[in-house]
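The values are calculated or read from the model by the stated rules, or taken from the named source; none is laboratory data. Computed from a predicted structure; not experimentally measured. Note that we place each Cβ from the backbone using ideal geometry, even for glycine, and neighbour counts take in every protein chain shown. Keep in mind that these areas ignore ligands, DNA and RNA; they rest on the heavy atoms of the full protein, side chains included. Shrake-Rupley method; radii C 1.70, N 1.55, O 1.52, S 1.80 Å.
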Amino acid sequence: MTDTVSLDAQSLDALSAETVSADQLFDALETLMRRSEYLQAFDLAQKGVAAYPDHVGMRHRGVLALARMGAAERARDLYGAWGMREIEGDEDVLALWARLKKDQARTLTGPAQAEAYAEAARAYALSFDYGGGGHYPAVNVATMKLLAGESDGVADWARKAAGLSEGHDDYYGMASLAEAALLVDAPDLAAEVLARLPDAAAGDWAALSTTRQQLAEVIAAKGQDPTLLDPLAAPPVAHFCGHMVGHRMPADELPRIAQEIDQILDRTGIGFAVGSLAGGADIMIAEAVLARGAELTLVLPFAREEFVNVSVAPSGSDWVARFDACMDAAHRVHFVTEDAHLGDDSLFTYASHFALGLARLRAGMLGTQLRQLGVWDGAEPTPNSPAGTVYDLAKGHRMGLEQDLIASCPDAGMNIDAMAHMSPPDVGARRCRTMVFGDLKGFSKLSDGELPVYVQAVLGTVAKVLAEHEAHLKFRNTWGDGIFLVLDDVAAAAACAFALGDAIAALDRQALGLPDTLGLRLGLHYGPVFETVDPVLDRPNYFGFHVSRAARVEPITPEGEVYVTEQAAAALAVDAAETFRCDYVGRVPLAKGYGDFPMYALTRLG
């Protein structure tokens, strides 16, 4: 048994019942929850529940982690799957169900929404009764009644919560008091308590984000001043990028650039930063972020040693030492591909796209602003280059991000508006593509008499859907029950996947004489792959590590669902956040012993 639990990513992957006790696992889980690391918290909760199935707290935190990530429907499903409905008289378990109903209500409208809020109020009232009367369920009964349109009892429950929370100097006691003050129209008291909440939270931005969301609903329902909640805003998240030391960023400009980086970080209060770590602007920004105690996430396009040789050492040997120091201090480091560089600079664009997506996912989770910080020479990219700072800044501009730009040389034009249309050319040995693998469950049990109908009706339906997505479809293949598609746009790929699922689900299997068990499951991945002529097929085909990874996603996808990898989730967060949402489902073991990877369930918005 170990005495302490380190919270770096590698040690969390290694945690098991053989190495740590239930108390140690739960303590590590609590720490991750406080740090808003819900992805890792849910992973750890799954391990904890598998090792200690009777530990109610482990199950509670796992479901709560999913809920806080926005995967409310999956959280409700897991609440039932983990047997939490059968746990009687537990205040936290009842309050969690009430919270899940509250989350559901936020997705509804009209009478259905009011009823969901009313059900949440009833669940919080039960939690209050079983728990001996706490301020948290009491104030939530009041708020749920308000949002359900039930005026009776709102003030009584709010005053009850205020009395129970009075004298509590812990975060949740103060939060309940502030909420109760808003509910009884006492804004001065609410403002005084809200001003003290960030110190009480002690860096728990997840708690502040959750509190802010609920209090915003109260303020909107009562027509109060929304600026009351300004003290609860999480610090912004920044995606950063810039040039290496060289002709685009001369060494004699570094002191000025460092000073401007400091000024921007001081002015914006960046609390979280995501980017790469090349020798130059990247490292300078990373060092400044770390010096302020902010959270640093790094994204490298390929293996560490090769990245140092390609992108750090050319700036000078002192940059290698600075790189190592930043790597050691980073909150998390992602190596987004296991491929070698092979002189293919498109991998840098892929890594930058992934970093920007991770930053947007992080900002969304915290309910805070996403900004972009760039050190740029104001010039166009190198002709035919598939990577460059200007492409990253142009992407951020098109996303509507607030941008803080620093001139890397004295004559920089810095007119990003004129270059906002620019995208990296689709060149290089590898092309970033979205791959969709599908499987028709039950195909192997079809009889010879059913196969002709299957080909005409099922595969014919697939063909009709693909014809509607021809503009982005680069490759298609089928082998009976399997479907392999390659598309040049991640949003188009997601739309195509859902269109396929809808079309297959709509087939009248009984009328066709096909078994009801015939269903489609789909997996989606985004990454750089080789495009070359297949000598067997005598047409272009796609190969590489990322094709193999995409193929391993579909077999672990539940029927009727679309699962996507973290790379695809990040790409969709950048290019299609208004159309699709990706809900984290945990680290899922891929087929054929391919390891386990973060996986997301894809949902259409609207």
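So for the range 238-326, what are the equivalent ellipsoid semi-axes in whole Å, largest first, each being the square root of 5 times an eigenvalue of the Cα gyration tensor? Numbers along the way, then the final one.
On the way: eigenvalues 82, 52, 20 Å².
Output for the range 238-326: semi-axes of 20, 16, 10 Å.
May I ask you to compute the full-extension gain from D252 to M414, defined as 0.36 nm times their residue separation minus their alpha-carbon distance, rounded to one decimal in nm?
56.4 nm
Quick one: with all protein chains in place, what share of the accessible area of the chain is carbon or sulfur, to the nearest percent (1.4 Å probe)? Working shown, then result.
Values: 12920 of 25190 Å².
It is 51 percent, rounded to a whole number.
Using a basic spin-label model with each label point 7 Å from the Cα along Cα→Cβ, how many nm lie between D185 and N309?
Reported label-point gap for D185 and N309 is 7.3 nm.
Binning every alpha carbon pair distance of the range 311-446 at 5 Å from zero, what are the percents per bin?
Each 5 Å bin holds this share of Cα pairs: 2, 8, 13, 16, 20, 17, 12, 4, 3, 2, 2, 1, 1, 0, 0.
Check the straight Cα-Cα distances from K145 and name the lysines below 27 Å, setting aside those fewer than 8 residues away within the same chain.
List returned: K101, K102, K160, K222.
Can you tell me the relative contact order of the range 335-420? Whole percent, Cα pairs under 8 Å, sequence separation 6 or more.
The value is 31 percent.
Given the rule -39500 (n - 2.57) for each run of at least 4 DSSP H residues, summed and divided by the residues of the chain, what is its mean residue ellipticity at 222 nm, to the nearest 500 deg cm²/dmol? Kindly include the intermediate steps, with their values, before the conclusion.
Details: 23 runs with 291 residues, N = 606.
Dividing the helical sum by the residues of the chain leaves -15000 deg cm²/dmol.
How long are the three semi-axes of the equivalent ellipsoid of the range 347-407, in whole Å, if each is the root of 5 times an eigenvalue of the C-alpha gyration tensor, listed from largest down?
22, 14, 8
Where a ≥ b ≥ c are the square roots of the eigenvalues of the C-alpha gyration tensor, would you call the range 156-234 rounded, which needs a/c under 1.5, or, failing that, prolate if a/b is larger than b/c, or oblate?
Oblate, since a/c reaches 1.5 and b/c is not below a/b.
What order do D448, D426 take when sorted by accessible area (1.4 Å probe), most exposed first?
Heavy-atom accessible area, descending, gives D448, D426.
Can you give me the relative contact order of the range 474-606 as a percent, contacts being Cα pairs under 8 Å and 6 or more apart?
With pairs under 8 Å counted, the relative contact order is 20 percent.
Suppose the chain between D230 and Q259 were pulled fully straight at 0.36 nm per residue; how much longer would it get relative to their current alpha carbon spacing?
7.6 nm
If the viscosity is 1.306 mPa s and the temperature 10 °C, what Stokes-Einstein diffusion coefficient in µm²/s follows for the chain when Rh is the Kirkwood radius over Cα pairs?
60
Can you pull the one-decimal nm distance between simple spin-label points at V455 and D77, each 7 Å off the Cα toward Cβ?
3.5
Please say if the range 65-167 is rounded, prolate or oblate, where rounded means a/c under 1.5 for a ≥ b ≥ c the square roots of the C-alpha gyration tensor eigenvalues, and otherwise the choice is prolate for a/b larger than b/c and oblate otherwise?
Values: a/c = 2.06, a/b = 1.23, b/c = 1.67.
It is oblate, given that a/c is not under 1.5 and a/b is not larger than b/c.
Can you give the alpha-carbon Rg of the range 27-87 over 2.2 N^0.38 Å, where N counts its residues?
Taking the Cα Rg and dividing by 2.2 N^0.38 Å, one obtains 1.00.
What full-extension length gain, to one decimal in nm, is calculated for R159 and R292 as 0.36 nm per residue of separation minus the Cα-Cα distance?
Answer, rounded to one decimal: 43.8 nm.
Which value in nm describes the separation of the simple spin-label points at E468 and S21, placed 7 Å from the Cα toward the beta carbon?
5.9
Identify all lysines with a Cα-Cα distance to K464 below 19 Å; exclude those on the same chain that are fewer than 8 residues away in sequence.
Of all the lysines, those that pass the test against K464 - Cα under 19 Å, at least 8 places apart if same chain - are K474.
Report for the chain the percent antiparallel among DSSP-assigned beta bridges with both residues inside it, nearest 5.
Working: 42 of 69 bridges.
About 60 percent, rounded to the nearest 5.
Checking the a/c ratio against 1.5 first, then a/b against b/c, what shape does the Cα gyration tensor give for the range 484-606?
Since a/c stays below 1.5, the shape of the range 484-606 is classed as rounded.
Using a 10 angstrom Cβ neighbour count of at most 12 plus a DSSP loop assignment to flag exposed GluC sites (Glu not before Pro), which longest range of the chain is free of such sites? Display every interim value, and only then the final one.
Values: sites that count: E18, E88, E166, E338, E470, E578.
Longest site-free region, per DSSP loop and neighbour criteria: 167-337.
For the chain, what does the accessible surface come to per residue with a 1.4 Å probe? Please give it in Å².
Solvent-accessible surface per residue comes out at 42 Å².
Relative contact order for the range 264-422: what percent, with Cα pairs under 8 Å and sequence separation of 6 or more?
Here the relative contact order equals 20 percent.
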